[in-house]
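Everything below concerns the one structure shown next.
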Amino acid sequence: MCLRGASALQQLLERDSTRLAIIVLWEHVTVSDRKMGIPTTRVLARLSDPRARQFWDPQRVVSSTMARDLPRDTLASVAEIDSTGVPLVWDCLALFRPGVRWDDRFPVPSWGGRPVIDVVDALNRKWGNPPARADTTAGR
Amino acid sequence: MARLSAARRAAAALALITALAPSLAPPAGGTATGPDDLTHVTPPPQPPLEVIGPQTIGVLRDHFNALADRTRMLLMLSPT
């Protein structure tokens, strides 16, 4: 599901030319993920946008940080509760407005959701698919 | 002597192929395995894949803050 979402997002990004920074964080969630280990070249190629930088978070430290710092309602939009009752942030997309910084606490996104495959559809409608947009648009 | 050496080389090659066979087998998804399934290279011109852990999460935070002049999109994905 994640990879389908990544590919759908890549198609959307190919129609967008704003000064957008894309941070891709890969993490182990499923048994299949653990078998794979480090994301492979084939997987990393799913998001080929030159504005992207890709990270691998095998211990899910960012998910844990977000679960600790984000307000409950925000967390609910980007996380699922795993079998042990712990929020797990994955298969999600979040947007942060210009000027927002990550200091003592993880910043609250201006927009986001999960799963990515569904969020891409919503983002498609939100952006309206213009060839280029100013990145100061509210909510971006 | 040369014949024995060739036999040893053949045996070594067979042992190597046998050892590598499991990693070359098709993954659970059923697609054939190729070089792109054995390496971890990001698409150019992206920088190399960076590993984040409890001691290195600051790298991600610094990257996030360094790009605070623009909208940032954070994607959190599992690789399968």
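If both residues of a DSSP beta bridge must be in the range A:2-127, then about 55% of such bridges are antiparallel. Between A:L12 and A:T74, the distance separating the two model label sites (each 7 Å from Cα on the Cα→Cβ line) works out to 2.0 nm. Using the Cα gyration tensor of the range A:48-88, with a ≥ b ≥ c the square roots of its eigenvalues, what is the shape: rounded (a/c below 1.5), prolate (a/b larger than b/c) or oblate (neither)? Here the range A:48-88 falls in the prolate category. Between A:W26 and A:F55, A:W56, A:D57, B:L77, the built amide H atoms are under 5 Å apart, and every one of these is 5 or more places off in sequence or on another chain. What percent does the relative contact order of the range A:2-127 come to when contacts are Cα pairs within less than 8 Å and at least six residues apart? In percent, rounded to a whole number, it is 28. Mean residue ellipticity, 222 nm, helices only, chain A: the sum of -39500 (n - 2.57) across DSSP H runs of n ≥ 4, divided by residue count and rounded to 500, is -10000 deg cm²/dmol. Please label the shape of chain A as rounded, prolate or oblate, based on the square roots a ≥ b ≥ c of the eigenvalues of the alpha-carbon gyration tensor (a/c under 1.5 means rounded; beyond that, a/b larger than b/c means prolate, else oblate). Judged from the Cα gyration tensor, chain A comes out oblate (a/c at least 1.5, b/c at or above a/b).
Hydrodynamic estimate: the Kirkwood radius of the range B:31-80 over Cα pairs, inserted into Stokes-Einstein at 20 °C and 1.002 mPa s, corresponds to D of 157 µm²/s. Ordering A:E14, A:E27, A:E80 by the number of other Cβ atoms within 10 Å of each residue's own Cβ, fewest first, gives A:E14, A:E80, A:E27. Per residue of peptide B:34-43, the mean number of Cβ atoms on other chains within 10 Å of the residue Cβ is 6. Taking the number of Cβ atoms within 10 Å of each Cβ as an exposure proxy, the fewest-first ranking of A:D103, A:D118 is A:D103, A:D118. Mean partner shielding of peptide A:105-112, defined as the number of other chain Cβ atoms within 10 Å of each residue Cβ, is 2.
Tabulate in residue order the Karplus-calculated ³J(HN,Hα) for the range A:25-37, using 6.51 cos²θ - 1.76 cosθ + 1.60 with θ = phi - 60°, rounded to whole Hz; enter x for Gly and Pro. The phi angles translate into 10, 8, 9, 7, 10, 9, 4, 4, 4, 5, 5, 6, x Hz.
Fully extending the segment from A:I38 to A:N124, taken as 0.36 nm per residue of separation minus the present Cα-Cα distance, adds 28.0 nm.
Read-outs: derived from the displayed coordinates by stated rules, not from any lab. The model shown is predicted, which means the values in this text are computed figures rather than measured ones. Virtual Cβ from ideal backbone geometry, glycine too; neighbours counted across all protein chains shown.
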